[in-house]
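This report concerns only the one structure given below.
The values are calculated or read from the model by the stated rules, or taken from the named source; none is laboratory data. These numbers were taken from a predicted model, which means no experiment stands behind them. Because the Cβ atoms are built from the backbone with ideal geometry, glycine has one as well, and the counts that use them run over all protein chains shown.
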Amino acid sequence: MVRQCGDPSDDLLKVGPNQWFPAGEPHFLHAVIDSEPHDAHEFGRGQKFVTGDPVESLGRHAVSAPQVAFVGHRYRRPVATRPTESTSMTTGYRRTVFVLLRQPRWAGLGVLAALMCVLFWWLGTWQFDRHQERSARNDAIESAVGQEPAPLTAVMPDPATSGGAVYRPVTASGTYLADEQRLQLNPLGRSGFDVVTPLSLSDGGTLLVNRGWIASSSTDTNAAAADVAPAAGTVEITVRLRTLQESSGRQAPPGQVYDIDPGQFGDGLPAPVYAAYGDLLTQDPSPDPDVELAGPIETGIGVHLFYAIQWWLFIVIAVVGLFALIRREAKESSESRDASQQRSNATDTQHGDAEQRLGVRPPLN
């Protein structure tokens, strides 16, 4: 229903200053107080009208039902689009983010961040694989070391293949070949020598035995600090089998070697030479007291897992950092645009008030 302007019942629709009617509620009892009468958002905005919308009369101004008109204002505004600060900021921020992501600079930065994330993931996976390999190696070492000593010929029936015998404790008997003894220089970076003596086995063949470590002489760094001649006669030993070391090709002084490799001992060793050497654990008769026996195998897991986690954290940092930069840029752009819009709205308001004062526009009542 449409009410004509000047209807006597209009006098009943008296509302206070700075009030507005919700959509479809022209009755004065439903007038709502406007909490921000001077806000620039209170001025009119463009609105599409649908043919056939019921029209309600408000004073001298006819507005469509989905709209409201504020007392003291000439402009109507859709209720559904009543602006709020949070809605305006959120909408503007999201729109700005999408605009930024389409810019070449930010798109390139996003591609770079994605490539870096792929690289960080690969590096983290590589370190994690090394951690798993180290863990598996440690498990194998602990399993082998924990077994009871067994005869060498039973653990390595084929002298040319160590197989799963590495780190196993084995027993053997034979005679040390003192003339073929060598001193290994700075084993594992430790200053001094490992005393490596071939043992001619009672069952045939030769096993290289690392009898332990000894410091170098204080007067001659190329000589041991004490006499390291092996025990004479037949000895009973228990050793922990180790993989032969790959020859580095370096030439050592006479009587010394850099690697425990049968090729460093010449061709005078009784065949077959076992494809492993042994770290001396026990000996009968007692081993040389000046020689320090080999200690337990190092089974630390290292820092590979820490490095893997570190690389994967870099992925989080890269993603969060990228979105933080985009958010800051979008926020600054949105705030700048909103400030410009508010200044424009304030200017339009001032022009409208000035036109009313000059009589360009008729007063509201």
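So how many residues does the stretch 206-221 have that are touching a Gly at 6+ places or on another chain (Cβ under 9 Å) and not aliphatic (A, V, I, L, M)?
Pass one, the stretch 206-221, residues touching a Gly at 6+ places or on another chain (Cβ under 9 Å): 206-210, 213-216.
If we keep only those that are not aliphatic (A, V, I, L, M) as well, we get 206, 210, 213, 216.
Summing the residues that are touching a Gly at 6+ places or on another chain (Cβ under 9 Å) and not aliphatic (A, V, I, L, M) in the stretch 206-221 gives 4.
Applying the selection to the stretch 266-310, what residues are in contact with a Pro (Cβ under 7 Å, 6 or more places away or on another chain) and not in a loop (DSSP other than H, G, I, E, B)? Spell out the reasoning first.
Step one: filter the stretch 266-310 for residues in contact with a Pro (Cβ under 7 Å, 6 or more places away or on another chain), giving 269, 272-275, 280-281, 293.
Within the stretch 266-310, V273, Y274, A275, L280, L281 qualify.
I'd like to know if the stretch 218-233 contains one or more residues that are in contact with a Lys or Arg (Cβ under 9 Å, 6 or more places away or on another chain) and assigned to a strand (DSSP E or B).
Residues of the stretch 218-233 in contact with a Lys or Arg (Cβ under 9 Å, 6 or more places away or on another chain): 228, 230.
After this cut, where a residue has to be assigned to a strand (DSSP E or B) as well, the list is none.
Looking through the stretch 218-233, none of the residues is in contact with a Lys or Arg (Cβ under 9 Å, 6 or more places away or on another chain) and assigned to a strand (DSSP E or B).
Restricting to the stretch 258-300, and then to whatever is within 19 Å of E246 (Cα to Cα) and acidic (D, E), can you tell me which residue is modelled with the highest pLDDT?
In this case the residue turns out to be D279.
Which one of the conditions (1) without any contact (Cβ under 8 Å) to a residue 24 or more places away in the chain; (2) of a type outside the set (D, E); (3) assigned by TED's automatic domain parsing to the domain that holds E133 does Y307 fail to meet, given that it meets all the rest?
With (1) without any contact (Cβ under 8 Å) to a residue 24 or more places away in the chain; (2) of a type outside the set (D, E); (3) assigned by TED's automatic domain parsing to the domain that holds E133 applied to Y307, the lone miss is (1).
Within the stretch 234-257, can you find the residues that are in a loop (DSSP other than H, G, I, E, B), modelled with pLDDT of 90 or more and either among the aliphatic types (A, V, I, L, M) or touching a His at 6+ places or on another chain (Cβ under 6 Å) (or both)?
Once the filter is applied, which keeps residues that are in a loop (DSSP other than H, G, I, E, B), modelled with pLDDT of 90 or more and either among the aliphatic types (A, V, I, L, M) or touching a His at 6+ places or on another chain (Cβ under 6 Å) (or both), the stretch 234-257 yields only L244.
Tally up the residues in the stretch 164-217 that are within 19 Å of P151 (Cβ to Cβ) and among the β-branched types (V, I, T), please.
Matching residues across the stretch 164-217 total 6.
Would you be able to say whether some residue in the stretch 319-328 is surrounded by fewer than 16 Cβ atoms within 10 Å (Cβ to Cβ), among the basic types (K, R) and free of Cβ contacts under 8 Å to residues at least 60 places away in the same chain?
First pass over the stretch 319-328, keeping only residues surrounded by fewer than 16 Cβ atoms within 10 Å (Cβ to Cβ): 319-321, 323-325, 327-328.
Still in the running and among the basic types (K, R): 327-328.
Subset that is free of Cβ contacts under 8 Å to residues at least 60 places away in the same chain: 328.
Checked the stretch 319-328: at least one residue is surrounded by fewer than 16 Cβ atoms within 10 Å (Cβ to Cβ), among the basic types (K, R) and free of Cβ contacts under 8 Å to residues at least 60 places away in the same chain.
So if I check each of T175, T153, which one is surrounded by 14 or more Cβ atoms within 10 Å (Cβ to Cβ), in contact (Cβ under 8 Å) with a residue 12 or more places away in the chain and not assigned by TED's automatic domain parsing to the domain that holds P262? Before you say what the answer is, go through the steps one by one.
Working: T175 fails: not assigned by TED's automatic domain parsing to the domain that holds P262.
Of the residues listed, the single one that is surrounded by 14 or more Cβ atoms within 10 Å (Cβ to Cβ), in contact (Cβ under 8 Å) with a residue 12 or more places away in the chain and not assigned by TED's automatic domain parsing to the domain that holds P262 is T153.
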